[in-house]
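I have placed the structure first, in the form of structure tokens, so that the comments after it can refer back to it.
The values are calculated or read from the model by the stated rules, or taken from the named source; none is laboratory data. Treat the numbers as computed from the prediction; the structure is a model and nothing was measured. Here the Cβ positions follow ideal geometry from the backbone for every residue, glycine too, while neighbour counts run over all protein chains shown.
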Amino acid sequence: MSRDLKFTDDDFSVIRRIVMEKTGIALAEHKRELVYGRLAKRLRAIGLDSFSRYCAYVQEHDEELHELVNAITTNLTAFFRESYHFDHLRESVLPELMRSNAATRRIRIWSAGCSTGEEPYSIAMVLREVIPAGENWDLKILATDIDTNVLERGRLGVYSEERAGDIPMSLRRRFVAKGTGQNAGRIRMRDELRSLITFRRLNLMETWPMKGPFDIIFCRNVVIYFDKPTQKMLFDRYADILRPDGHLFVGHSETLFKVSTRFALVGRTIYRRIDGAGSSAT
């Protein structure tokens, strides 16, 4: 690969260290070209001609850390991705919660690593499908990501029409508005869904402002970027903030086997917390 910006082994090591310290993401050696390709745009944008100068710049300018993280993180997502999770949510988890939470009529869900919002909007569609607005339940979805750019797209709730292809037609008719005129070719999530979701920036490696307890956490295709000690720490924190029998959904290539003993596998990459008492409600 031809390069017009100097990128040494030391530069890559510094960037790997910064990314690990700030995000918990372990950049493997084979990610070197990806790092160069994604960060070269930032160097040109701020007028730097070498990665060594950029490494110094990042460590002197806190606001550039956000840009670095935005550039490095991968945001591959889709509506109803890993559809079996949403089937289980609809057919098992939510009906169970309606029974166990009948006194409070309250359900809290966290979409951690929500990217551009397709996951929390998919959750919201199933939530409203099972529990219509007229039933007066207190339902909230927290959607967090470390990337500020994708969070803004999630807040807008506007997507290309091609993205809607994975949304079941019955839900699409009910919850998705199709653009016309200058908005032709785009779709927008209806306010009925948007009102359920709060988008917030959150670095999973830092202090979490919320205390829980959550009934359900979706953290899918996130921990694959972390080393085993970081994964163990993160799953422990998830267990702490989940209700004692709360559910954790992880990605299709992720597992808690030999990582955490605080969850039991109850479905295809679906876990239930099995240890002790959870965090107190806030």
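For segment 243-277, a residue qualifies if it is among the β-branched types (Val, Ile, Thr), at pLDDT below 95 and within 17 Å of Ala112 (Cα to Cα), and exactly one does: Thr255.
Rundown of residues vs (1) modelled with pLDDT of 90 or more; (2) part of a helix (DSSP H, G or I); (3) surrounded by 16 or more Cβ atoms within 10 Å (Cβ to Cβ); (4) in contact with a helix residue (DSSP H, G or I) (Cβ under 9 Å, 6 or more places away or on another chain), yes/no style:
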site: Ser2; (1), (2), (3), (4): no, no, no, no
site: Ile15; (1), (2), (3), (4): yes, yes, yes, yes
site: Lys22; (1), (2), (3), (4): no, yes, yes, yes
site: Leu65; (1), (2), (3), (4): no, yes, yes, yes
site: Thr74; (1), (2), (3), (4): no, no, no, yes
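Filter segment 229-263 down to the residues that are among the basic types (Lys, Arg) and closer than 23 Å to Glu91 by Cα and list them by number.
Taking segment 229-263 first, the residues among the basic types (Lys, Arg) are 232, 237, 243, 258, 262.
Matches in segment 229-263: Arg243 only.
Does Leu94 satisfy being in the same structural domain as Asp147 (by TED's automatic domain parsing), buried (at least 16 other Cβ atoms within 10 Å of the Cβ), without any contact (Cβ under 8 Å) to a residue 40 or more places away in the chain and within 25 Å of the chain's Cα centre (by Cα)?
Details: in the same structural domain as Asp147 (by TED's automatic domain parsing): yes; buried (at least 16 other Cβ atoms within 10 Å of the Cβ): yes; without any contact (Cβ under 8 Å) to a residue 40 or more places away in the chain: yes; within 25 Å of the chain's Cα centre (by Cα): yes.
Against the criterion (in the same structural domain as Asp147 (by TED's automatic domain parsing), buried (at least 16 other Cβ atoms within 10 Å of the Cβ), without any contact (Cβ under 8 Å) to a residue 40 or more places away in the chain and within 25 Å of the chain's Cα centre (by Cα)), Leu94 qualifies.
One residue stands out in segment 209-218 among those that are surrounded by fewer than 21 Cβ atoms within 10 Å (Cβ to Cβ) and touching a strand residue (DSSP E or B) at 6+ places or on another chain (Cβ under 9 Å): the one that is farthest from Arg128 (Cα to Cα), namely Pro209. Restricting attention to segment 156-185, and to residues there that are of a type in the set (S, T, N, Q) and more than 28 Å from Arg200 (Cβ to Cβ), which single residue is surrounded by the fewest Cβ atoms within 10 Å (Cβ to Cβ)? By that ranking, first place goes to Gln182.
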